[in-house]
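A quick write-up on the structure given underneath.
What follows is calculated from the coordinates using simple rules that are stated; it is not laboratory data. Computed from a prediction, not measured in an experiment: that's the story for all the values here. Neighbour counts run over all protein chains shown; Cβ positions are idealised from the backbone, glycine included.
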Amino acid sequence: MKRVIALALAALLAIAVFAGCGGNGGDAAKSVDLNKVMETINTANGLSLEKLDTADKLNRYYSIEEKDVKQFAAEMDKSNTDAPVEIVLVEANDADAAGRVETALTTRYNSILRTYNSYTPEKVSMVEACKVTKDGNFVTMIVADNAAAMLKTFQDSIK
């Protein structure tokens, strides 16, 4: 009888050990909702930007292919063409797709920098303080006055 109880307890302990190891570990970041992160950024910074809500718009403005994107949230201030504010948060499908998204957003960032140089040189230092970032399959481009704080909000959400 003692052997049966001992075997049963050993089996329960083995199951408990494997169950403890079965967590999502590094996949926790994959459950982030980028639209909610964007809402948090907007609320904290008092922004009211135009939402790019379709993959077609993401492709039109940023040359990002729909097949590369798992999810995204993107907004821009289209009313101010001389000094655009743009926030793009993308979760790519895999590392290769993240590289392509990073390249596309870097191209757009460089275009924005040229626009600021031409039309609003007094704001160039703000744009130069902004950047395109890649963290795993997450890629961002934030061009705004408070970009560092917005980026920190994003980075905190994917950890």
Each label sits 7 Å from Cα toward the beta-carbon; between T120 and D135 the label points are separated, in nm, by 2.6
Sorted largest first, the Cα spans of the stretch 26-124 on the principal axes come out in Å as 42, 29, 24
Rounded to the nearest Å, the spacing of the alpha-carbon centers of the stretch 84-159 and the stretch 56-73 is 14
Taking Cα pairs closer than 8 Å and at least 6 residues apart, the relative contact order of the stretch 24-157 in percent is 23
Any lysines whose Cα falls less than 17 Å from that of K152, other than same-chain ones fewer than 8 residues away, would be K36, K131, K134
